[in-house]
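Down below is the structure, laid out as structure tokens.
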Amino acid sequence: MESLVLSNILHFDVGEDEYLFHGLTGNILKLDDVAKEFVYFAKTLGERKGDSFHVDVNRYLAERAADHRDMLEELKELEIINPAGRFSATPPAPKHTERLPVKTLVFHLVNECNLRCTYCYAGDGEYGAPKKYMTMETADRAIEFLMENSYQEESVTIVLFGGEPFLNWKVLKHIVEQAVEQGEKWGKKVHFSLTTNGTLMSTEQMEFLHQYQIGTSVSMDGTREAHDKNRPMAGGQGSYERTSKNVAKLMATHKSAPVGTRVTVAKGFEKLETSLAHLLSKGFYEVGFAPVTETDQHLALGEEDLNELLHQFRDLSDHYVEHALRNEYLGFSNLTNVLKELHMGTNKAYGCGAGLGFFAVSPDGGLFLCHRFNENEQFRMGDIYSGVNRSKQRQMLDELHVDRKESCGTCSLKHICSGGCYYEAMERQGDYRRPNAHYCDWMHEWITIGLQAYVRILEGNPAFLDTISGTGKERCVSN
């Protein structure tokens, strides 16, 4: 028996047409009648493992014309089918980490927050190590560390984070000014982004964000009722009014870089279309929706909630496509990110850049795998004084590689999801090295929605996809 593997496929339709997405190469094929017949044969009579199907080729070709053999040869050339599933498309784990550049550094300016969000993964912004403020001396060394360890990189990114970073305004301001100065000395362009709850910004600070072109994300959960439900001030009063007033001033002041917002979606969430319309009306460039990480049953999304979230994502995606076909941008960033990855041919061996070119620095200079693991000693990757623990980095990258996640090997989302967020895996699966199995089915449905939107835009206004893919998005930094 000659056996071929139809590997890592996601079969979807757009109207009356059928398509195949190949998760290893990123190819999207419109199926003709011959290819449809083979796909249905494989899915019906092949041996399935994940999103891959072992097919008896002799049995398939026994009573079929030569054009079917030609079709199989074409699929082989595209690596969509291969003998025994032999593929080499996934980038391997790095064998040596000594010269891996640090490209993005998250500065935890303070382990403290003036809000008491019910779903905060950082324990009121304190990360188990309260009242720690980064000093100017630590900030200077962190900047120096980034310059030294970015090696030949021509640009680096500094993320201003907390807790609430504006609680340490003097150091925040110092970091930006010092990093620009050092960047000029080292011949590097420094990009900045900032995540804030928006309650503490003064006009002077907003002007500073504008002056230094700092990309800003303000955390808001939608209308007043939705926002105040889970984002109270430390004293218990709602934070919406204060945040909303500051956002209005920010939009009038900060014109040099995009200002976006992120909605944390918890149980009992507001209709997403309502949240999106409300937040876009405030002037935000785009809005991202993220399911809460919290495992508390009063906050976490159950199966019914996730199904409803998916249903509403589909509705928003339909609206997005309608706008795109008119060459208008609807700021639903979840779909934008999927479309970018499909258009640019994402091939990820890791769920994110954590531990590769992305680290978080704690207020006292410790280096951690990412901002969500701040102050967690299990994920300490060195410090800004002695440098990255390269042996631990190499071990982590070996453990976290998608090829180590058995269920991901045959998945159509292998190079898009790559197992997902390590922090989510630890919270939900009990092991940061495991794939986010609790989201697998959901992600398949969501990427299918994204693929359908992609094809519709590709056929109706392909230039739109080129436009939104003009700038990449390497990092995942959210509170």
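For the reader, a short list of remarks on this structure follows.
- Tally of residues being surrounded by 17 or more Cβ atoms within 10 Å (Cβ to Cβ) and farther than 15 Å from GLU74 by Cα across region 32-49: 3
- Out of GLY123, GLY187, one residue alone is surrounded by fewer than 21 Cβ atoms within 10 Å (Cβ to Cβ), modelled with pLDDT under 95 and at positive phi. It is GLY123.
Residue-by-condition table, conditions (1) acidic (Asp, Glu); (2) outside any strand (DSSP E or B); (3) over 20 Å from the mean Cα position of the chain (by Cα):
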residue: GLN205; (1), (2), (3): no, yes, yes
residue: ASP221; (1), (2), (3): yes, yes, no
residue: HIS227; (1), (2), (3): no, yes, yes
residue: THR243; (1), (2), (3): no, yes, yes
residue: LYS249; (1), (2), (3): no, yes, yes
residue: THR261; (1), (2), (3): no, no, no
residue: GLY268; (1), (2), (3): no, yes, yes
residue: GLU273; (1), (2), (3): yes, yes, yes
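- Flag if ASN307 is without any contact (Cβ under 8 Å) to a residue 40 or more places away in the chain and of a type in the set (S, T, N, Q): yes
- A Cβ distance below 7 Å, combined with a sequence gap of six or more or placement on separate chains, defines the contacts here; from region 337-349, residues that are over 20 Å from TYR422 (Cβ atoms) reach residues that are crowded, with 18+ Cβ neighbours inside 10 Å and not hydrophobic (A, V, I, L, M, F, W, C) in the pairs VAL338/GLY450; LEU339/GLY450; LEU339/TYR454; LEU342/GLY450; LEU342/TYR454.
- Which numbered condition GLU225 fails, given (1) surrounded by fewer than 17 Cβ atoms within 10 Å (Cβ to Cβ); (2) under 30 Å from GLY387 (Cα atoms): (2)
- Selection of region 43-63 for residues being under 18 Å from ILE80 (Cβ atoms) and among the charged types (D, E, K, R) yields LYS43, GLU47, ARG48, LYS49, ASP51, ASP56.
- A search for C-beta distances below 8 Å between a residue of region 182-205 that is without any contact (Cβ under 8 Å) to a residue 40 or more places away in the chain and any residue that is of a type in the set (Phe, Trp, Tyr), counting only pairs 6+ apart in sequence or on different chains, returns PHE192/TYR212; LEU194/PHE161; THR196/PHE166; GLN205/PHE166; GLN205/TRP169.
- Identity of the residue in region 358-411, without any contact (Cβ under 8 Å) to a residue 40 or more places away in the chain and among the acidic types (Asp, Glu), that ends up surrounded by the fewest Cβ atoms within 10 Å (Cβ to Cβ): GLU377
- Any hit, region 357-379, residues being closer than 28 Å to PHE161 by Cα, of a type in the set (Phe, Trp, Tyr), part of a helix (DSSP H, G or I) and touching a helix residue (DSSP H, G or I) at 6+ places or on another chain (Cβ under 9 Å): yes
- Residue pairs meeting the criteria (Cβ under 6 Å; at least 6 apart or on separate chains; first under 21 Å from ASN389 (Cβ atoms) and crowded, with 17+ Cβ neighbours inside 10 Å, in region 128-153; second modelled with pLDDT under 95 and not aromatic (Phe, Trp, Tyr)): none
- Qualifying residues in region 441-465 (those that are without any contact (Cβ under 8 Å) to a residue 60 or more places away in the chain and within 18 Å of the chain's Cα centre (by Cα)) - the one farthest from ARG314 (Cα to Cα): ASP441
- ALA66 in contact (Cβ under 8 Å) with a residue 12 or more places away in the chain, surrounded by fewer than 18 Cβ atoms within 10 Å (Cβ to Cβ) and out of contact with any helix residue (DSSP H, G or I) (no Cβ under 8 Å at 6 or more places or on another chain): no
- Candidate set: region 19-60, residues that are touching a residue at least 60 places away in the same chain (Cβ under 8 Å) and among the hydroxyl-bearing types (Ser, Thr, Tyr); chosen: the one farthest from VAL455 (Cα to Cα): SER52
- Which listed residue is part of a helix (DSSP H, G or I) and either under 20 Å from the mean Cα position of the chain (by Cα) or closer than 24 Å to VAL159 by Cα (or both), from LEU301, LEU279: LEU279
- Of all residues in region 336-365, those satisfying the criterion of being farther than 24 Å from ASP466 by Cα and in contact with a strand residue (DSSP E or B) (Cβ under 9 Å, 6 or more places away or on another chain) are ALA354, GLY355, GLY357, PHE358, PHE359, ALA360, VAL361, SER362, PRO363, ASP364, GLY365.
- Flag for MET251 being modelled with pLDDT of 95 or more and within 19 Å of ARG116 (Cα to Cα): no
- Single residue of LEU72, LEU29, LEU24 found to be touching a Phe, Trp or Tyr at 6+ places or on another chain (Cβ under 8 Å), in a loop (DSSP other than H, G, I, E, B) and surrounded by 14 or more Cβ atoms within 10 Å (Cβ to Cβ): LEU24
- Of all residues in region 288-309, those satisfying the criterion of being of a type outside the set (Ser, Thr, Tyr) and either in contact with a Phe, Trp or Tyr (Cβ under 6 Å, 6 or more places away or on another chain) or at positive phi (or both) are VAL292, GLU294, LEU299, LEU306.
- Residues in region 234-246 that are buried (at least 18 other Cβ atoms within 10 Å of the Cβ) and either touching a strand residue (DSSP E or B) at 6+ places or on another chain (Cβ under 6 Å) or among the acidic types (Asp, Glu) (or both): SER239 alone.
- Scan of region 425-437 for residues that are buried (at least 18 other Cβ atoms within 10 Å of the Cβ) and over 18 Å from LYS348 (Cα atoms), ordered by number: MET426, GLU427, ARG428
The values are calculated or read from the model by the stated rules, or taken from the named source; none is laboratory data. From a predicted model like this one, the values you see are computed outputs, not experimental measurements. Neighbour counts run over all protein chains shown; Cβ positions are idealised from the backbone, glycine included.
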